[in-house]
Every structure is written in structure tokens, then in C-alpha cells.
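The structure appears below as C-alpha cells.
The values are calculated or read from the model by the stated rules, or taken from the named source; none is laboratory data. Keep in mind the model is a prediction, meaning the values are calculated, not measured. Here the Cβ positions follow ideal geometry from the backbone for every residue, glycine too, while neighbour counts run over all protein chains shown. These accessible areas exclude ligands, DNA and RNA; they are computed on the full protein's heavy atoms, side chains included. Shrake-Rupley method; radii C 1.70, N 1.55, O 1.52, S 1.80 Å.
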Amino acid sequence: MDTTNKTPRDIIVIYSPRMAGYLMLRGFYLVGVQPNLKRPGKNCFSFFSSPMLKETMKDYLNRRDELNNL
């Protein structure tokens with residue numbers, strides 16, 4: 001297997017730790033965590049972009065109030 005011809009993948013950055021946790025609980029791979037340069041003391045969470053990830057993010061936003069009351 002030739003690994004020298006890897007293609008870059010799109011990354012989506014999430015600023016909400018709750019959404020990042022929701023995505024990880026649903027099996028999405030956390031690519032990395034970086035400090036948020038615009039808001040010191042906060043973090044940015046990186047995930048590989050996919051249609052399924054975007055659909056799960058929409059699901060989270062639609063159910064956010066319900067989930068926050070758990």
C-alpha cells in the first residue's frame with residue numbers, strides 16, 4: 001500500500017465542548033484539540049468533515065435545549 005499519495009481531508013472546527021462531546025459519543029473521531037486564539041482559556045475541537053457529521057451537528061442543534069436539561 002502506497003501511503004505517499006495521501007489526499008488532505010476537510011476539517012470542521014467546533015467551538016462548543018458540549019457539541020464536541022455529543023459528536024464523540026456518536027463515534028466521530030476527534031482529530032485534535034487546540035487553544036482558541038480569539039478566546040483565551042477556551043478550546044477548539046477538530047473533526048473530519050463528512051455529510052454524516054454535518055447531519056449529526058444539525059441534530060444536536062435541533063435537540064440542544066432537550067439535551068442541556070439532562
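Calculate the FRET efficiency for Ser49 and Asn69 from the Cβ-Cβ distance with a Förster distance of 35 Å, rounded to the nearest 0.05.
Details: r = 29 Å, r/R0 = 0.84.
With R0 = 35 Å, the Cβ-Cβ based efficiency is 0.75.
Can you give the net charge of the other residues whose Cβ lies under 11 Å from the Cβ of Ser16, counting K and R as +1 and D and E as -1? Each step should come with its number before you reach the end.
Working: positive: Arg18, Lys42, Arg64; negative: none.
The answer is +3.
At 1.4 Å probe size, what's the solvent-accessible area of Lys42? Round to the nearest 10 Å².
Its heavy atoms expose roughly 110 Å² to the probe.
Solvent-accessible area of Val13, probe 1.4 Å, all protein chains present, reported in Å² to the nearest ten, please.
60 Å²
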